[in-house]
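Here the structure is laid out as structure tokens; the discussion comes afterwards.
The values are calculated or read from the model by the stated rules, or taken from the named source; none is laboratory data. Since we're looking at a predicted model, the values are computed, not measured. With ideal geometry, Cβ positions are generated from the backbone for all residues, glycine too; neighbour counts draw on all protein chains shown. SASA here: full protein model, heavy atoms, side chains in, ligands and nucleic acids out. Shrake-Rupley method; radii C 1.70, N 1.55, O 1.52, S 1.80 Å.
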Amino acid sequence: MKLTTQVIDWLNIAFMLASAVAAYFLPFEVFLFAYAVLGPLHYLTEISWLHERKYFASGKYDYLWLLALTIALFVSVFLVPWREMARGQETGRFVAAGIGYLAFLSALAMTIFHRPQAKFACVACGLVLLFAVAQWPAYTIIFAIFLPTLIHVYVFTGLFILYGALKSRSRPGLLSLGVFLACPIVLMFVHTDTGYAPSAYARQTYPLFAELNATIYRLLGFPARDQAQFQDALYRSAVGLAIMRCIAFAYTYHYLNWFLKTSIIGWHRVSMRRLAVIGGLWLAAVGVYVYDYRIGFITLATLSFLHVFLEFPLNHRSIIGIATELRNRWRLAPESLAMAPALPKRMTEHSAS
């Protein structure tokens, strides 16, 4: 059954609220479940959908460069023994940030240029710029930590919602954007004693993702003096739980939003053979997570990185599309006013008064 755009917009709002409520009461458990169960199915179906649309890139084989960068990122994060080197962790983050920056810039070149020479020139200019921005303290945080996580699951999702609302001229779509922006604010600042305490399994498993929380915690001005203090703040403090609620909401709704739009984007319109392969790989991925979450996290990391990088051209096209829609509306506004009939004298006098 194909749902109308407005019905999907209302369902979007319902899914946002459901994700926010679940994240509020069980933030760590909801995140770990969504990441292990919904995440792999999202990666597989989105990559399949992007493949059918040539990854929204201008060149037939552009995606191979993003694939190479994904492999480079996996090697950098999991195979290079940074901890054994002097200042290894800082160097590792710097390298990961450089790969993320290069992938994002390359995707922009793939989006706006068709000739390979122009793409190479764009990337070369970006590399020159990299020497300047690499000294910026926020560079590593943005490209190594936030770009593949919260920027991907929250910022780009919000841009997709905005673009869809502008294209469809949907008021419920704009309302859904308002709810989407409001949910993290409520989750961050509304604190009530729910009696919640993370399960032992969550405490044992979540350190795989805790660097994101630690970064946000420090940016909010709450630097932990040592690892023990941070662990206590992460699982017990109001600020730590508020951060986790926002992260859990962003990831959970990001996945649900993808599956809710199935009837519109049509990622399921592929051969039964491909659907069977996707289903089999998804069940195997969930099985690995059930067996050992850490092994599942490492095993599926390449797929996770890949779907983030391959989506970059679509992200750029969405930003360009939003700018185009807003520009068109700006141009139409004066024309609409000029074409509007003159108001009766009494109405204009009433407005002036």
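Can you name every residue in segment 124-146 that is among the aliphatic types (A, V, I, L, M) and either surrounded by 18 or more Cβ atoms within 10 Å (Cβ to Cβ) or assigned to a helix (DSSP H, G or I) (or both)? Within segment 124-146, A124, L127, V128, L129, L130, A132, V133, A138, I141, I142, A144, I145 meet the criteria. Could you look through segment 211-221, keep only residues that are free of Cβ contacts under 8 Å to residues at least 60 places away in the same chain and crowded, with 16+ Cβ neighbours inside 10 Å, and pick out the one that is nearest to Y251 (Cα to Cα)? Among them, the one singled out is N213.
Among the residues making up segment 278-301, those that are modelled with pLDDT of 95 or more, of a type in the set (S, T, Y) and either farther than 13 Å from L38 by Cα or open to solvent by 40 Å² or more (accessible area, probe 1.4 Å) (or both) are Y291, Y293. Listed by first and then second residue, the pairs linking a residue in segment 109-124 that is within 19 Å of I320 (Cα to Cα) to a residue that is open to solvent by 50 Å² or more (accessible area, probe 1.4 Å) and of a type in the set (A, V, I, L, M, F, W, C), with Cβ atoms under 6 Å apart and 6 or more places separating them unless they lie on different chains, are K119/F113.
In a residue-by-residue description of segment 191-203, the property of being open to solvent by less than 70 Å² (accessible area, probe 1.4 Å) and either within 19 Å of the chain's Cα centre (by Cα) or over 24 Å from A34 (Cβ atoms) (or both) applies to no position.
Residues being surrounded by fewer than 19 Cβ atoms within 10 Å (Cβ to Cβ), part of a helix (DSSP H, G or I) and in contact with a His (Cβ under 6 Å, 6 or more places away or on another chain) are represented in segment 235-252 by at least one member. Using the structure shown, decide if L69 is within 30 Å of G266 (Cβ to Cβ), under 22 Å from the mean Cα position of the chain (by Cα) and touching a residue at least 12 places away in the same chain (Cβ under 8 Å). Here the answer is yes, as L69 does meet what is asked. Here is the figure for segment 170-190: residues that are surrounded by 16 or more Cβ atoms within 10 Å (Cβ to Cβ) and not in a helix (DSSP H, G or I) total 1. One residue alone among W258, W267 is part of a loop (DSSP other than H, G, I, E, B) and either crowded, with 18+ Cβ neighbours inside 10 Å or at positive phi (or both), and that residue is W267.
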